[in-house]
Each structure stands twice: as structure tokens, then as C-alpha cells.
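Quick notes on the structure that follows.
The values are calculated or read from the model by the stated rules, or taken from the named source; none is laboratory data. What you see is a predicted model, and the numbers here were worked out from it, not measured in a lab. Here the Cβ positions follow ideal geometry from the backbone for every residue, glycine too, while neighbour counts run over all protein chains shown. Only protein heavy atoms, including side chains, enter the accessible area calculation; ligands, DNA and RNA are left aside. Shrake-Rupley method; radii C 1.70, N 1.55, O 1.52, S 1.80 Å.
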Amino acid sequence: GFYEAPASFTNPGTTVDSGTVPLTGTARATVSRWGALAGARWVQGLVWRWFLGAEVGYAQQSLSGLDLIDVSDPANPHSFGLSLPNRSEGAFVVSPLAGIEWQFADHWSAAFTPRLQVMFGGVSRVAVILPLSIGYSWFGL
């Protein structure tokens, strides 16, 4: 599972049809995302582990605080005052991955697992994710 905390972003050059005349400005919103993935990996090695795999799942993206800002006068930007509704969209996710893991001490490891995350559906997006993780595993023999 994953959760991406809300973050603000802007998108300059956005045009919105206001019903009378199209308005162009900078879109501003707060976005967050959560979801769950399940997958499988092929692993080779003991101390240095190489792996390939894939994950599939679902992601939900929420946009709130949508606003269109008039930036034609940079010294005095202001909202167009549109009532843009919050949006929430779900998508099917496919995520191929490959990486390397190093078992550097008893039960401790470090891994680099780059992946491509492709979302199909309401929020069609492509992302490259480059996570570096430190892990502790416990097991009995």
C-alpha cells in the first residue's frame, strides 16, 4: 500500500471554459494519492540480490482547492473566482520493476528498486519511481 500526502502544485497556461468566454491562467490545486499494489518478483543471489518483477493494483487520486489564477499582472495575481469542484478519480495500476538488494549485515539490507508506474483509467499517468530503502527482516530457521 502507499499514501502520498497532500501537496500543492500549479499548472501555467491552463484554459477553462467559463460558459461565456474561455479563461487562461495558472491552475492551482492540492493533490494526494493512495492505493494498493500486489505483485511478484524473481530473485537471484544471496548477499547481492538482483530481481525483476511486476505489481498490479489500484490508485485513487484526489484534487482539492482547485482555482484558476489570473497572472496577466505578475505584481497582482488574483483568482478568477470560478467555483471549480474537487475531483477524485481511480485508476488501474501496472508497475514493472527491477532492482538490486545488498544484505550488508545479519537481518539488515539496503535496496534500490526503480519502477515504472503506469495508471490506466480516470487518471492516466506515467511515473518513474526511484526508491532507496533500508530493511530489517526477522526469520527463524
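For the stretch 1-15, what are the residues that are assigned to a strand (DSSP E or B) and within 19 Å of residue 35 (Cα to Cα)?
Scanning the stretch 1-15 gives 2, 3, 4, 5, 6, 7.
Quick check on my filter: what residues within the stretch 1-16 are of a type in the set (A, V, I, L, M, F, W, C) and open to solvent by less than 70 Å² (accessible area, probe 1.4 Å)?
Residues satisfying the conditions are 2, 5, 7, 16.
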Among residues of the stretch 121-137 being in a loop (DSSP other than H, G, I, E, B) and either among the small types (Gly, Ala, Ser) or modelled with pLDDT under 85 (or both), the residue surrounded by the most Cβ atoms within 10 Å (Cβ to Cβ) is 123
In the stretch 74-84, is there at least one residue being modelled with pLDDT of 85 or more, of a type in the set (A, V, I, L, M) and in a strand (DSSP E or B)?
-> no
Just wondering, is there one or more residues in the stretch 41-49 that are assigned to a strand (DSSP E or B), surrounded by 15 or more Cβ atoms within 10 Å (Cβ to Cβ) and in contact with a Lys or Arg (Cβ under 6 Å, 6 or more places away or on another chain)?
-> no
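Picking from 71, 93, 118, which residue would you name as being hydrophobic (A, V, I, L, M, F, W, C), in contact with a Phe, Trp or Tyr (Cβ under 7 Å, 6 or more places away or on another chain), surrounded by 13 or more Cβ atoms within 10 Å (Cβ to Cβ) and within 30 Å of residue 10 (Cβ to Cβ)?
Every option except 93 fails the conditions.
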Can you confirm whether the stretch 99-112 contains a residue that is loosely packed, with under 13 Cβ neighbours inside 10 Å and closer than 22 Å to residue 13 by Cα?
-> no
Out of the stretch 112-121, which residues are over 14 Å from the mean Cα position of the chain (by Cα) and farther than 10 Å from residue 97 by Cα?
-> 112, 121
Scan 90, 122 and give me the residue that is in contact (Cβ under 8 Å) with a residue 24 or more places away in the chain and under 17 Å from residue 37 (Cα atoms).
-> 90
Is it true that some residue in the stretch 17-27 is exposed (fewer than 14 other Cβ atoms within 10 Å of the Cβ), hydrophobic (A, V, I, L, M, F, W, C) and part of a loop (DSSP other than H, G, I, E, B)?
-> yes
Where residues in the stretch 74-90 are over 19 Å from residue 18 (Cα atoms) and open to solvent by 60 Å² or more (accessible area, probe 1.4 Å), which of them is nearest to the chain's Cα centre (by Cα)?
-> 88
Leading residue by the ranking (most open to solvent (accessible area, probe 1.4 Å)) among those in the stretch 50-68 that are within 30 Å of residue 84 (Cβ to Cβ) and not aliphatic (A, V, I, L, M) | 58
